[in-house]
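Below is one structure, written out as structure tokens, with a few remarks after it.
The values are calculated or read from the model by the stated rules, or taken from the named source; none is laboratory data. Every value quoted in this text rests on a predicted model; they were computed, and no experiment measured them. Note that each Cβ is placed from the backbone with ideal geometry, even for glycine, and that neighbours are counted across all protein chains shown.
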Ligand code: UDP
Ligand code: MG
């Protein structure tokens, strides 16, 4: 059986079309399947729509979070509850084309354990979004030594891979990169990002920025090493300036150089604050992980309908 995990945040218009489209594609493949919608604390009728679909077809299941925990949490909730031998994660706004699923299943049956969906084009995005996403992926690819640029959350994972991902104890997950990190035999499927037909994007620029910083700091300690490098540069610089100051003092004209003092205080102060900020991010990550709170809280599942 194949499980399809679909995170949904305020997607009431998309539940029925997504169910319909996926049912058609999977039936045509001749696969047994289940659809798992995870409503990420939606404030509209998303969960009611999921319940309607569940009543009509028991292969559609779903759960609702007690509040908005984010897409990552929704994906992991889906993985935890999926029963299939393979799990496909995709957006429920149909931007990830269901038409790519048969090829994914074919590659899986041919022995691939992870089938990554790669974007051939990035779809319609604002100029700013394109630039910042480009920068983010370039940095992330460096940090984790894997090419992330065209990757997305559209993937097929074998049961083995799902179990490996569920074993990971961390709370701050970055699904897109973790599926690279766990390894396994990986194949690619290329797809074209569709335009969102119903509803609007759920990501604001501020939300994306936060997501980027969080993922960079939870995946790499490179920013911390950058602080050490800055320290070495300043040390070298201070040696030169120290000698110059001493020479000036011994020559007896040490009163000048006030500008240098002010500049040094400003520059060093600025870098110190920045470094503290970088370290602060890591302390915050450690703090969050140490608390060990659950990734999400489920308020209701479609299973409660049947009892
Ligand atoms: N999503 C979610 N929780 C959130 C934000 C988004 O579960 O807090 C889901 C959303 O319902 C959709 C997917 O994540 O299925 C992708 O979101 P969206 O289409 O808004 O992002 P975009 O395609 O614009 O990057
Ligand atoms: Mg979308």
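Is it the case that some residue within region 135-149 is within 25 Å of residue 31 (Cβ to Cβ), within 15 Å of the chain's Cα centre (by Cα) and outside any loop (DSSP other than H, G, I, E, B)?
Start the filter on region 135-149 by keeping residues that are within 25 Å of residue 31 (Cβ to Cβ), which leaves none.
Checked against the condition, which is being within 25 Å of residue 31 (Cβ to Cβ), within 15 Å of the chain's Cα centre (by Cα) and outside any loop (DSSP other than H, G, I, E, B), region 135-149 yields no hits at all.
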Given (1) surrounded by fewer than 16 Cβ atoms within 10 Å (Cβ to Cβ); (2) more than 16 Å from ligand 2 (Cβ to nearest atom), number of the condition residue 103 does not satisfy:
(1)
I'm trying to understand the selection: among the residues of region 156-174, which are under 19 Å from residue 85 (Cα atoms), within 19 Å of the chain's Cα centre (by Cα) and surrounded by fewer than 19 Cβ atoms within 10 Å (Cβ to Cβ)?
163, 164, 166, 167
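Condition first: farther than 17 Å from residue 264 by Cα and surrounded by 15 or more Cβ atoms within 10 Å (Cβ to Cβ). Now tell me which residues in region 225-247 satisfy that. I'd like the intermediate steps shown before the answer.
Residues of region 225-247 farther than 17 Å from residue 264 by Cα: 225-229, 247.
Scanning region 225-247 gives a single hit, 227.
Looking at residue 183, is it modelled with pLDDT under 85, outside any helix (DSSP H, G or I), within 16 Å of ligand 2 (Cβ to nearest atom) and at positive phi? Before the answer, list the steps.
Values: modelled with pLDDT under 85: yes; outside any helix (DSSP H, G or I): yes; within 16 Å of ligand 2 (Cβ to nearest atom): no; at positive phi: yes.
So residue 183 fails the test.
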Do the conditions hold for residue 43, that is, is it more than 19 Å from residue 305 (Cα to Cα), more than 16 Å from ligand 2 (Cβ to nearest atom), without any contact (Cβ under 8 Å) to a residue 60 or more places away in the chain and in a loop (DSSP other than H, G, I, E, B)?
yes
Qualifying residues in region 191-240 (those that are within 16 Å of ligand 2 (Cβ to nearest atom) and part of a helix (DSSP H, G or I)) - the one farthest from the chain's Cα centre (by Cα)
205
Tell me which of these residue 17 doesn't satisfy, since it passes every other one: (1) in contact (Cβ under 8 Å) with a residue 60 or more places away in the chain; (2) in contact with a strand residue (DSSP E or B) (Cβ under 9 Å, 6 or more places away or on another chain); (3) within 16 Å of ligand 2 (Cβ to nearest atom).
(2)
